[in-house]
Amino acid sequence: MAGVILLYDKDLTLIGPLDRALSAEVEQKLNELSPATIELAAQDEMTGRIDVPASFARIYDGDEDLGYFRFAEIPRDEHAPLGKIQYRLQSGECTLLCSMLAGWHEIGGTEMSTRAVLEYILSHQSAQGATRW
């Protein structure tokens, strides 16, 4: 995949490009959240700026924006002897699952947009819940 990868913090403030990534792959799945992997050199200065699971990456494949992905897993040291760190990421949409809405919530209807429903859900998430598993 030839494209751009941008690193963001938990507030989606741009930290910088991961322009020295050794590889990046997004596994696009139909009707499922798509996982991704990014491989960086162990000595890359950007590895120290990745906060798992609070950091996000925005991945582009050429001109196509593949979306936001959250760093999901602290990498194992299996590739460290080779000088590589492989990160596993989840689709940014997984943050909708970070908090639970208690009780019954009935919203929507034909006059309410999908955006308004998603904003309602997000407004009930705690900031702390958005960064924990």
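Quick look at the numbers
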quantity	calculated
Karplus-derived 3J(HN,Hα), 6.51/-1.76/1.60, for each residue of segment 84-90, Hz, glycine and proline x	10, 10, 10, 9, 9, 10, 10
Under-5 Å amide H pairs with Ser55, H placed in peptide plane, nonlocal only	Phe71
Heavy-atom accessible area order for Arg49, Arg58, Arg115, Arg70, largest first, 1.4 Å probe	Arg115, Arg49, Arg58, Arg70
Surface accessible to a 1.4 Å probe, Lys29 within the full protein complex, Å²	80 Å²
Segment 1-57: equivalent-ellipsoid semi-axes (sqrt of 5 x gyration tensor eigenvalues, Cα, Å)	20, 15, 10
Nonlocal amide H pairs with Leu66, under 5 Å, H built at 1.01 Å	Ile59, Tyr60, Asp61
Residue-level accessible surface for Ser91, protein heavy atoms, 1.4 Å, Å²	10 Å²
Phi to ³J(HN,Hα) by Karplus 6.51 cos²θ - 1.76 cosθ + 1.60 over segment 51-56, Hz, x for Gly, Pro	10, 7, x, 8, 8, 10
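The values are calculated or read from the model by the stated rules, or taken from the named source; none is laboratory data. Every value quoted in this text rests on a predicted model; they were computed, and no experiment measured them. Side chains included, ligands, DNA and RNA excluded: accessible areas come from the protein's heavy atoms. Shrake-Rupley method; radii C 1.70, N 1.55, O 1.52, S 1.80 Å.
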